[in-house]
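The values are calculated or read from the model by the stated rules, or taken from the named source; none is laboratory data. For clarity, every value in this text was computed on a predicted model and none was experimentally measured. Quick reminder, even Gly has a Cβ in these numbers, built from the backbone with ideal geometry, and neighbours come from all protein chains shown.
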Amino acid sequence: MHALAFYALAGLMVLFTLLTIASRNPVYSAIFMILSFAATAGLFVVLDAYLIAVVEVLVYAGAIMVLFLFVIMLINLRPEEQEGLRLNPLAIVAAGTFLALVSRALNDLGPGVGSSPNALQGSPGVLAETLFRRYVVPFEAVSLLLLAAILGTVVLARRQGSET
Amino acid sequence: MIAIGHWLALSAMVFTLGLCGVMMRRNVILVMMSIEIMLNAANLALVAFNKYQLPAADGTVAPDGQVLVFFTIAVAAAEVAVALAIAMLLFRRLDTVSVDDVANLRW
Amino acid sequence: MNWLILLLPLGAAFLITCFTQKSKALSAAISLAAVWGAFGIAASHLPEVLHGEGHFVVADSFRWLSAGDTSFRYGYLIDGLSLIMLLVVLGVGGLIHVYSLGYMHDDPGFSRFFACLSLFMFSMLGIVLADNFFQVFIHWELVGVSSYLLIGFYFRKDSAAAAANKAFLTNRVGDFGFMLGILMLFYATKSWVAPGSGAGDFRAMAAAISSPGWLEQAAMSIGGGRWVMTNEHFLWIAGALTFMGVMGKSAQFPLHVWLPDAMEGPTPVSALIHAATMVAAGVFLLARIFFVYLPSETALSLIAHIGCFTAFFAATIATTQNDIKRILAFSTLSQLGYMVMAMGLGGVDASMFHLTTHAFFKALLFLGAGSVIHAVHTNDIREMGGLLKKMPITGWTFLIGTLALCGVPPLSGFWSKDGILHLSQHPPHYAHDWMITTLPTITAVLTSYYMFRLVFQTFFGRPRDHHRYDHAHESPASMWMPMAVLCVLAIIGGQLIGSPSTLEAFRTVTRPAGVMEYEPIHADEHTILHALLIFGLGAGAAFAAYGPGRWISPGRILALPGMRGVHALFDNRWYVDDFYAWIVKNIQQNVARACNAFDQYVIIGFVVNGGAWLTRASGAVVARWQTGSVRAYALLFLAGVAALLALKL
């Protein structure tokens, strides 16, 4: 059961990602990306990380992609004249090498990793317990980070006085 | 049973796809999206590791991986906001969203 | 307290240079005080030394540098040998300081002169007091520097500057050998010296070299024992190299070329440095480190033959010279040859005896020459004549000095020089060596000849240049008083020092066992006749040629077949200087040019400039990677990460 879900969702994720980077129309890319995130959320559920799955959909698919769409429309992006994905042989070789190396690296896993899943608890309660007990300082730091991001964005995107 | 290797292979593949997107697209927005894809793939790997870690002596499994994913998502959101603001500025100033047109720091 | 012997002159030099350059009186006072103060301190040890039978020693040292388990010490070693040398250097030096008050009175560089003199005193005393090889070497070089400063005192004169350079460079050649010798000795005795003694300590090394089994030990071996050099062979090579330092400093052939030219310096300098003290430093060193030479016949033979030849060689040249100081310079060379030869023949005491008496009468002669020059303003004896009437004190003291130099009894020279002559006529090992048995005696005859030639032309006869003659006058008291003192010493010095017990008292503690005992010459008729015969031959010839009668004219001698060639040979100093000039011009300069070319093209051109060019070129290449294109950067980024991963795996 798990296996079937995994392969299906995995395939979907890869497919949608591929379509994202290959589309000529930026809006199409955005939509495909949302779908890719949805597949990812499904994979998270398979991994028993329920809260993360929901957060993925809410934040990534819901907020971030919407922001992308807003910006695309604001700057009035048209589909590009040339082919969207220009196949750069050097890049493909580099990416291929990278993939090979990473796979090789991930083969040598340390002693703390098992090959069969454990009984992970992914409910909000368990997560919250850890988050607000052990990781409360990073939590506060991240909130400061978000504040900085907001301020930065506001300052950057303001229309300057002299510009039209 | 799905071994962890499968998950990691998936994560690596999606990461590489994102990488290709960064290197091969001319549009700034698309490059940003590709970066998001890469971050997402990393999140997947984190949760996979969390799921496949060995339990502690008393059987509990710490959800630290998921907490880290939490933080990653937050940071990604912040980063996207600022990056898109910069992209907008770029568009306003140079009237283009092509990465190739922003090559002023030549030798 | 004994440290003051070194510190007083050094302090004087420092004070004069920094503070009292403007004041002549103050500079002179400081310098004189330093010298005479040091003399007093040294003389305070005299009573003990005279009763010490050669075993008196007082020493002190401190550790100066250490490297690993080798430590270089600086200190003083006052034994009989040091003391006699100290008294000579400080005593004669002090008298010359007094003389300089008068001689340099009108010179604008008066203070500078005294500063340099004090510096020289410090350097020389360091050699005398040193207790180890490295300290000696340091002061050896210091003396070279002081000599350079003093020879080149009239630095605006090209010939003086050139002479100073020549002195320094020639000494440098000798010092090169000296250093090598020291290092060899240090290496060979390193494991045999008492632990805790400083590097190159004389007493420690003397003990090491004379310890049983040292000579047979292998110094170096090649091929794991297939070819072995024992310490014995090592020692004679080291000895020969060390002797190179002596050759340089004491102007033995072939490193003698600087001494005649050094007469460019003021006459007190010639008297002090180039007659009495600095050139004697080589002989002193030989006495100090005789333990190096005694075991090795080859080294001793080398020393004896070089000394003997130098004596003869210099005497022949002196017969043709016309500059009063040059004649005296060659005479010094000749006498130094005697001293060195005596060392080589094993007569350490005889050699030191002659060193002492020679200091007295040679300094006297130089001071007299200075007095003459001061009066007539020329060095050329052909422009002098009949000065005895006008400068009686100078004339008579000069005459007495000359008699002493020629070995006329009962003056001091008779005892010391004839001691050496006696040694050369009955040498322990060289009975069949014609050079050692005949040349010194011939040299003595020549000595009498040229010295009386000098005396007759300068002080007797009719004045050749009336203008100069009329202006001549006796020198002031500051100049003739030291001459008088030296004259007295030249007369009585022989009996004063020449007894075996006194000479024994003045031995060094590093003296090895087995040095032959000093045999004083007996003043019997045989010896006196012998001395008078030599004197008579030489002086008689001079009298015949240059005396009042002028019975034999030098021109007629020159007309004889072959004599012109001989005269030219002597007059041009056996062409040694020309030979050296040729070597420098044709060989050394070309080697220097080759080295310069190597430096210019390979080192500067290729390595330095090439390195810069390479950097700039590769920088230009790499700079092209800055395309400004973000995608290219991203690609490079990825390539870098992939490379790192590949490395890690």
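The helices (runs of 4 or more DSSP H) found entirely in the range C:234-318 that carry 3 or more residues being under 20 Å from C:Asp577 (Cβ atoms) are C:258-261, C:297-318.
Has the range C:147-155 got any residue that is surrounded by fewer than 24 Cβ atoms within 10 Å (Cβ to Cβ) and under 23 Å from C:Leu77 (Cβ atoms)? For the range C:147-155, residues surrounded by fewer than 24 Cβ atoms within 10 Å (Cβ to Cβ) and under 23 Å from C:Leu77 (Cβ atoms): absent. Each residue in the range C:417-440 was checked for being surrounded by 16 or more Cβ atoms within 10 Å (Cβ to Cβ) and part of a helix (DSSP H, G or I), and 12 of them qualify. Which numbered condition trips up B:Asn40, out of (1) in contact with a Gly (Cβ under 9 Å, 6 or more places away or on another chain); (2) more than 7 Å from every other protein chain (Cβ to nearest Cβ)? The number of the failed condition is (2). Just one of the numbered conditions (1) small (Gly, Ala, Ser); (2) out of contact with any helix residue (DSSP H, G or I) (no Cβ under 8 Å at 6 or more places or on another chain); (3) closer than 25 Å to C:Phe155 by Cα is not true of C:Ser123: (2). Taken together, B:Ala12, B:Ala45, B:Ala74 contain a single residue that is within 14 Å of chain C (Cβ to nearest Cβ), out of contact with any strand residue (DSSP E or B) (no Cβ under 7 Å at 6 or more places or on another chain) and part of a helix (DSSP H, G or I), which is B:Ala12. Being within 14 Å of another protein chain (Cβ to nearest Cβ) and surrounded by 10 or more Cβ atoms within 10 Å (Cβ to Cβ) is not true of C:Leu614. Return the residues of the range C:67-95 that are of a type in the set (Gly, Ala, Ser), free of Cβ contacts under 8 Å to residues at least 24 places away in the same chain and either assigned to a loop (DSSP other than H, G, I, E, B) or in contact with a Gly (Cβ under 9 Å, 6 or more places away or on another chain) (or both); say none if nothing qualifies. Scanning the range C:67-95 gives a single hit, C:Gly68. If you go through the range B:53-69 and keep only what is in a helix (DSSP H, G or I) and more than 7 Å from every other protein chain (Cβ to nearest Cβ), you end up with B:Gly65, B:Leu68. With respect to (1) surrounded by fewer than 23 Cβ atoms within 10 Å (Cβ to Cβ); (2) facing chain A (nearest Cβ under 7 Å); (3) under 27 Å from A:Ile72 (Cα atoms); (4) modelled with pLDDT of 90 or more, the lone exception for B:Asn27 is condition (4). Name the residue that is surrounded by the fewest Cβ atoms within 10 Å (Cβ to Cβ), counting only residues in the range C:9-35 that are free of Cβ contacts under 8 Å to residues at least 40 places away in the same chain and under 20 Å from C:Leu149 (Cα atoms). The residue in question is C:Cys18. Scanning the range A:93-147 for residues that are surrounded by 15 or more Cβ atoms within 10 Å (Cβ to Cβ) and either touching a residue at least 40 places away in the same chain (Cβ under 8 Å) or of a type in the set (S, T, N, Q) (or both) gives A:Thr97, A:Ser103, A:Pro117, A:Asn118, A:Leu120, A:Gln121, A:Gly122, A:Leu127, A:Thr130. In the range A:129-155, which residue that is within 18 Å of B:Leu46 (Cβ to Cβ) and in a helix (DSSP H, G or I) is farthest from the chain's Cα centre (by Cα)? If we take residues in the range A:129-155 being within 18 Å of B:Leu46 (Cβ to Cβ) and in a helix (DSSP H, G or I), then A:Thr130 is farthest from the chain's Cα centre (by Cα). Flag set for A:Ala119, criterion: assigned to a loop (DSSP other than H, G, I, E, B), out of contact with any His (no Cβ under 9 Å at 6 or more places or on another chain), within 7 Å of chain B (Cβ to nearest Cβ) and modelled with pLDDT under 90.
If you filter the range A:62-86 down to residues that are more than 7 Å from chain B (Cβ to nearest Cβ) and not in a helix (DSSP H, G or I), you find that the one that is modelled with the highest pLDDT is A:Asn76.
The criterion of being more than 30 Å from B:Asn27 (Cα to Cα), touching a residue at least 60 places away in the same chain (Cβ under 8 Å) and part of a helix (DSSP H, G or I) holds for C:Phe570. Does C:Ala639 satisfy the condition of being within 14 Å of chain B (Cβ to nearest Cβ), part of a helix (DSSP H, G or I), at pLDDT below 85 and surrounded by 12 or more Cβ atoms within 10 Å (Cβ to Cβ)? Answer is no for this residue. Looking only at the range C:212-220, decide whether some residue is touching a residue at least 60 places away in the same chain (Cβ under 8 Å) and touching a strand residue (DSSP E or B) at 6+ places or on another chain (Cβ under 8 Å). Checked against the condition, which is being touching a residue at least 60 places away in the same chain (Cβ under 8 Å) and touching a strand residue (DSSP E or B) at 6+ places or on another chain (Cβ under 8 Å), the range C:212-220 yields at least one hit.
Select from the range C:117-151 the residues that are closer than 24 Å to C:Met481 by Cβ and more than 17 Å from the chain's Cα centre (by Cα) and list them in ascending order. The one that is closer than 24 Å to C:Met481 by Cβ and more than 17 Å from the chain's Cα centre (by Cα): C:Ser118.
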